[in-house]
Amino acid sequence: MGQTPGDIASQRQRLAEGLMAYGASFTELGRRFAEALGVHTTDAFALMDIATAEAAGAPLSPALLGKRIALSSGAMTALLNRLEQAGYVIRSREHTDRRIVTLRCSPQARQHADQFFGPVNAEQDAILAAYPSELLEQFDTVLAALRGTMDVQLAPPES
């Protein structure tokens, strides 16, 4: 017996509410991380993006970071200057094209992040460990597809 359109819409709404609540909690956690570091909230989220990309083996350039957090190049430069002056970000030229700058977290930033996020990450890992990996992969696939619909909606209109 298949789901009716009303059932699917209701499920979408419940899932959206759960994701929005999770997002709000994540945003508040990021705000508190910024406060603990003594930086702007946008700077802390940029630092988290830099750390996440670096951990995934795909460090960001300032241009890529600017696309992820939607800042102008001038605003991105100011943000990176603040993070570098605070000792949280290291800019290097490690690409074969020496014009490309690579962003990395400093050991100090990693230590602060590990201390701050370690407890919640451990708790979330314990929750996720209770579910079969196949289910988590399906959930990841569903989230990616849902995010894709948002990305299409948010894309600038074609001229």
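The values are calculated or read from the model by the stated rules, or taken from the named source; none is laboratory data. Model, not experiment: these values are computed from the prediction. A quick note on method: Cβ atoms are made from the backbone with ideal geometry, for glycine too, and the neighbour counts reach across all protein chains shown. Ligands, DNA and RNA are excluded from the accessible area calculation, which covers all protein heavy atoms including side chains. Shrake-Rupley method; radii C 1.70, N 1.55, O 1.52, S 1.80 Å.
Restricting the first member to the range 36-47 and to residues that are touching a residue at least 40 places away in the same chain (Cβ under 8 Å), and the second to residues that are among the aliphatic types (A, V, I, L, M) and in a loop (DSSP other than H, G, I, E, B), the beta-carbon pairs closer than 9 Å and six or more apart or on different chains are Leu37/Ala86; Gly38/Ala86; Val39/Ala86; Asp43/Ala86; Leu47/Val39.
Yes or no, residue by residue, for (1) among the aliphatic types (A, V, I, L, M); (2) open to solvent by 80 Å² or more (accessible area, probe 1.4 Å); (3) free of Cβ contacts under 8 Å to residues at least 40 places away in the same chain:
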position: Pro119; (1), (2), (3): no, no, yes
position: Glu137; (1), (2), (3): no, yes, yes
position: Asp140; (1), (2), (3): no, yes, yes
position: Ala155; (1), (2), (3): yes, no, yes
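Restricting Ala34, Ala46, Ala70 to those that are within 24 Å of Ala155 (Cβ to Cβ) and modelled with pLDDT of 95 or more reduces the list to Ala46. On inspection, Thr27 fails the criterion of being in contact with a helix residue (DSSP H, G or I) (Cβ under 6 Å, 6 or more places away or on another chain), β-branched (Val, Ile, Thr) and within 27 Å of His112 (Cα to Cα). Is it true that some residue in the range 102-121 is more than 20 Å from Glu28 (Cα to Cα), in contact with a helix residue (DSSP H, G or I) (Cβ under 8 Å, 6 or more places away or on another chain) and at pLDDT below 90? No, the range 102-121 contains no residue that is more than 20 Å from Glu28 (Cα to Cα), in contact with a helix residue (DSSP H, G or I) (Cβ under 8 Å, 6 or more places away or on another chain) and at pLDDT below 90.
Scanning the range 57-114 for residues that are among the β-branched types (Val, Ile, Thr), under 17 Å from the mean Cα position of the chain (by Cα) and not in a helix (DSSP H, G or I) yields a count of 1.
Could you list all residues from the range 95-114 that are closer than 21 Å to Gly23 by Cα and open to solvent by 100 Å² or more (accessible area, probe 1.4 Å)? Listed by number, the list holds a single entry, Asp114. Looking at the range 119-129, can you tell me whether even one residue there is under 23 Å from Leu64 (Cα atoms) and not in a loop (DSSP other than H, G, I, E, B)? No: zero hits.
Look at the range 12-45 and say how many of its residues are among the aromatic types (Phe, Trp, Tyr) and open to solvent by 70 Å² or more (accessible area, probe 1.4 Å).
2
Beta carbons closer than 8 Å, at least 6 apart along the sequence or on distinct chains, pair a first residue in the range 79-94 that is surrounded by 15 or more Cβ atoms within 10 Å (Cβ to Cβ) with a second that is of a type outside the set (A, V, I, L, M, F, W, C) and assigned to a strand (DSSP E or B) for Leu80/Arg91; Val89/Arg104; Ile90/Arg104. Condition test on Gln3, is it open to solvent by 80 Å² or more (accessible area, probe 1.4 Å) and over 21 Å from Ala144 (Cα atoms)? Against the criterion (open to solvent by 80 Å² or more (accessible area, probe 1.4 Å) and over 21 Å from Ala144 (Cα atoms)), Gln3 qualifies.
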